[in-house]
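Take a look at the structure set out below.
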Amino acid sequence: MKLGRLKSRHPPVETAIALQTSDSTSSTRWRESWDQAAQNGGNLLPCIETFPPGFDLPRRTWVSLNRARTNCGRCADMFHKWGIQVSSACDCGAEKQTVHHIILECPLRKFTGSLEDFMTGREEAIEYLNNLDIQI
């Protein structure tokens, strides 16, 4: 018994024609999606139409700044999840060492400013990241 191919639910030709005849561009659709997420409380940063603050920093600092902004970086909690480290505890005694914990809660490393300082690329936040005893 020979089975024929299943009919595509979204044939590429139809998709291409729809894209060609559409008045919107990918950037306008992206902008609309971003604005909708912001209305629902999903975005802390405004829509980026130019390079974000800190874009011109050295790569290592730029990476650390973005890790602080996204709360996703090199910390004991992530190393534990990846199976690199046995424990997710912070050396200050906290149960989990997350980027958020390091920046805002850790008595050994806490930043004296606010999370907004990382979002706007303030000099104090950049200096803090450069002088931090661990690389996030």
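Consider region 58-69. How many of its residues are surrounded by fewer than 17 Cβ atoms within 10 Å (Cβ to Cβ) and either modelled with pLDDT under 90 or not polar (S, T, N, Q) (or both)?
Matching residues across region 58-69 total 4.
Please determine whether any residue of region 113-130 is over 30 Å from Phe51 (Cβ atoms) and either of a type in the set (Phe, Trp, Tyr) or assigned to a loop (DSSP other than H, G, I, E, B) (or both).
no
With the structure loaded, tell me whether Gln85 is part of a loop (DSSP other than H, G, I, E, B), of a type in the set (S, T, N, Q) and touching an Asp or Glu at 6+ places or on another chain (Cβ under 6 Å) or whether it fails that test.
The answer is no for Gln85.
Mind telling me which of the residues Cys106, Cys92, Cys72 ends up being modelled with pLDDT of 90 or more, in contact with a Pro (Cβ under 6 Å, 6 or more places away or on another chain) and not aliphatic (A, V, I, L, M)?
Cys92
Is it the case that Ser87 is surrounded by fewer than 17 Cβ atoms within 10 Å (Cβ to Cβ) and either modelled with pLDDT of 95 or more or under 30 Å from Leu19 (Cβ atoms) (or both)?
Judged against the criteria, Ser87 is a match.
If you take the residues in region 90-106 that are part of a loop (DSSP other than H, G, I, E, B) and either in contact (Cβ under 8 Å) with a residue 12 or more places away in the chain or in contact with a strand residue (DSSP E or B) (Cβ under 7 Å, 6 or more places away or on another chain) (or both), which one is surrounded by the most Cβ atoms within 10 Å (Cβ to Cβ)?
Gln97
So, of the residues in region 70-84 that are within 14 Å of Gln135 (Cα to Cα), under 10 Å from the mean Cα position of the chain (by Cα) and free of Cβ contacts under 8 Å to residues at least 60 places away in the same chain, which turns out to be surrounded by the fewest Cβ atoms within 10 Å (Cβ to Cβ)?
By that ranking, first place goes to Cys72.
Could you list, in sequence order, the residues of region 55-67 that are touching a residue at least 40 places away in the same chain (Cβ under 8 Å) and under 12 Å from Asn130 (Cβ atoms)?
If the condition is that a residue be touching a residue at least 40 places away in the same chain (Cβ under 8 Å) and under 12 Å from Asn130 (Cβ atoms), then Leu57, Arg60, Thr61, Ser64, Leu65 are the ones that fit.
The values are calculated or read from the model by the stated rules, or taken from the named source; none is laboratory data. What you see is a predicted model; the values in this text were computed from it and never measured. When we count neighbours, we look across all protein chains shown, and the Cβ atoms used for this are built from the backbone with ideal geometry, even at glycine.
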